[in-house]
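Here is the structure we will look at, set down as structure tokens.
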């Protein structure tokens, strides 16, 4: 579903034609906010990227990361083990002279721009690792041709979220909260579906 169709659905549900009061740009902003929430809660956008080591550089930046799933060396497919920075410090391994071939990775922080650190700090440059992760969607920037990156079966949720934002903006708080409850239920089931789509999926807790 392209952006213009979603915006029209929002207007139809709200019975609000295009106007200088409720602009397409305003609805587009709500759609972007909604799809980022969906991506964070469900981890539905999977991706991978390659990092190239820099000698004596421990930390590396990744943009729009929700959750890092795994990191592998490209040359032999070895999987790095995750370790916390507190564990590195606890065992006295954080000295600047701890260089070599990284065997572990850890998180600096989460957020739209996150960093990871490699341990030991790479002693050489030019080696590559593949990072598998879930990420935030690209922002929608026009109202005609774009399609959200979130799965098609979750895109209907964007209409609901935009309705909630409009009703709250208008001070119709009771109705806004009713719409928000519908949104929460849809988000919960979207999260459940995302985590159980594998044939080997186990029982999970879908609360958030």
Q.
Assuming 0.36 nm per residue, please report the length gained on full extension of the stretch residue 72 to residue 49 beyond their Cα-Cα distance.
A. 7.2 nm
(Q) Along the Cα→Cβ direction, 7 angstrom out, place labels at residue 18 and residue 85. What is the inter-label distance in nm? (A) 4.8
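Extension gain residue 59-residue 8, at 0.36 nm per residue separation less the Cα-Cα distance, in nm?
Numbers: separation 51, 0.36 × 51 = 18.36 nm, distance 4.44 nm.
Taking 0.36 nm per residue and subtracting the Cα distance, the gain is 13.9 nm.
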Q: Quote the FRET efficiency, to the nearest 0.05, computed for residue 108 versus residue 184 with a Förster distance R0 of 45 Å and r equal to the Cβ-Cβ distance.
A: 0.90
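Since every read-out is calculated from the coordinates, none of them should be taken as a lab result. This is a predicted model, so every value here is computed, not measured. A quick note on method: Cβ atoms are made from the backbone with ideal geometry, for glycine too, and the neighbour counts reach across all protein chains shown.
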